[in-house]
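Since the structure comes first, as C-alpha cells, the remarks are kept for the end.
A short reminder: the numbers here are calculations on the coordinates, not readings from a lab. Being a predicted model, the structure only gives us computed values, none of them experimental. Positions of Cβ are backbone-derived with ideal geometry, glycine not excepted, and every protein chain shown enters the neighbour counts.
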Amino acid sequence: MVSASDDFPGRPDSAGLRPSAFPEHPYVIQVRNLRKEYVTGRGRLVLFDGLSFDLAQGEMLAIVGQSGAGKSTLLHMLGALDAPSEGDVYCASIQLRTLNSRQAAAFRNREVGYVWQFHYLLPEFTALENVAMPLLARGEPKAKAFRSAEQWLNEVELGDRVTHRAGELSGGEQQRVSLARALVTGPKVLLADEPTGDLDSRTAEMVFSLIERLHQTHCLTSVIVTHNMMLAQRCSRVLRLEKGRVDEVSPRTLQ
C-alpha cells in the first residue's frame, strides 16, 4: 500500500482513505440499512430497503436472485461504483459514502478487484498490457507493472499467452486475463458479477475452480453474483435477494 497523501488524509495504510466511524471487528464488508430507489415514469422503483449484512475476512459469498432483483446494483455499491439512496456500506474499513470521486477511484484501484460477465479487455493491447493497466494507472513504473502482470498471468496459467491480444484468446482465456487484471493490484476484496455467465459449462467450471483457488491462496474476501446454483453451492455463504429483502440460505438447499 502507498502512504497517505494530501488527496486521502488520515489513512496511512491505504492511500489515505479514511476508515470513518468503522468499528473494530473482523468484518471486511458491512452493509447497514441500505436503500436503493430510482425515479421512473411510473413513480419510484425501490430495489431494496433496510438491507443489512456482514461479511468476514476469508468468506466467499454468493448473491443469488431473479433478474432485476438488484444483485448487480448491490455489488456496484460494495465497490463504490454506485451510491445508495440511504444507508451505509463499509468495505475494507472505509465508509464509502464519505469518499469523493477521486478517493473512490483510488479505493477501486487499491482495495477491490472486479470481474464482470464480459471480460472488457482492450483489444489493441496484449494480455500482459491489459493486466498491467491498473498498475500503470496508479503510476507504477512500466517495468515493475509488467513484472507483476506476468506473474499474475502465470498464476492463472496463461504464462504462454502474454503477447496474445484479446481476439487471439478463447473465451475462458479472456476471462482468466480479466481475473489476473482484477487481482494484480493486491486487493482485499474480489467482486465478481456473473463471472462464468458468458462461458460454456466446462469452461465455467474451470474458471470458477480457479477463482476458488485464488480466493484461498491469496486470502481474499469474495462476493459473487451468479445465476448458477451449482456454483453458488460451493460458496461458504449464500444470500438470496428477492423483493427488496436479503435472506441468508444454506448452500445445500439451493437447486
Subject >> Residue exposure sequence - Cys219, Cys91, Cys235 - by fewest surrounding Cβ within 10 Å >> reply: Cys219, Cys235, Cys91
Original post:
Rounded to the nearest 500, what is the chain's calculated 222 nm mean residue ellipticity when only DSSP H runs of at least 4 contribute -39500 (n - 2.57) each, over all residues?
Top reply: -9000 deg cm²/dmol
Subject >> For the stretch 127-251, convex hull of alpha carbons as volume per residue, Å³ >> reply: 121 Å³
Original post:
Rounded to the nearest 0.05, what FRET efficiency is calculated for Arg138 and Thr253 with R0 set to 41 Å and r the Cβ-Cβ distance?
Top reply: 0.45
Original post:
What lysines could a cross-link reach from Lys188, if we take a straight Cα to Cα line under 28 Å and drop same-chain neighbours fewer than 8 places away?
Top reply: Lys36, Lys71, Lys142, Lys144
**OP:** Assign unit charges at the C-beta atoms only (+1 for Lys and Arg, -1 for Asp and Glu), then state the dipole size of the stretch 103-255 relative to its Cα centre in Debye, rounded to the nearest 20.
**Re:** 500 debye
Original post:
Mean separation of Cα pairs under 8 Å and 6+ residues apart, divided by the residue count of the chain: what relative contact order is that in percent?
Top reply: 24 percent
**OP:** Using label points projected 7 Å from each Cα along Cα→Cβ, tell me how many nm separate Asp160 and Val39, to one decimal.
**Re:** 5.8 nm
Subject >> Calculated diffusion of the stretch 182-241, Stokes-Einstein form, Kirkwood radius summed over Cα pairs, 20 °C and 1.002 mPa s, µm²/s >> reply: 178 µm²/s
**OP:** Could you calculate the contour length gain from Ser236 to Ser170, that is, 0.36 nm times the residue separation minus the distance between their Cα atoms, to one decimal place in nm?
**Re:** 20.8 nm
Original post:
Of all the Cα-Cα pairs you can form in the stretch 76-174, what percent are over 23 Å apart?
Top reply: 38 percent
**OP:** Take the Cα radius of gyration of the chain and divide it by 2.2 N^0.38 Å, with N its residue count; two decimals is plenty.
**Re:** 1.01
**OP:** For Thr217 paired with Ser101, estimate the spin-label separation in nm (one decimal), with each label point 7 Å from Cα along the Cα-to-Cβ line.
**Re:** 3.9 nm
**OP:** Go through the stretch 233-240 residue by residue and turn each phi into a ³J(HN,Hα) via Karplus (6.51, -1.76, 1.60, θ = phi - 60°); whole Hz please, and just put x for glycine and proline.
**Re:** 4, 8, 7, 6, 9, 9, 10, 9
Original post:
Where does the longest stretch of the chain lie that holds no trypsin sites (Lys or Arg not before Pro) found in a DSSP loop with 12 or fewer other Cβ atoms within 10 Å?
Top reply: 43-242
Subject >> Positive-pole candidate from Ser236, Leu158, Leu199, dipole of the chain, charges at beta carbon >> reply: Ser236
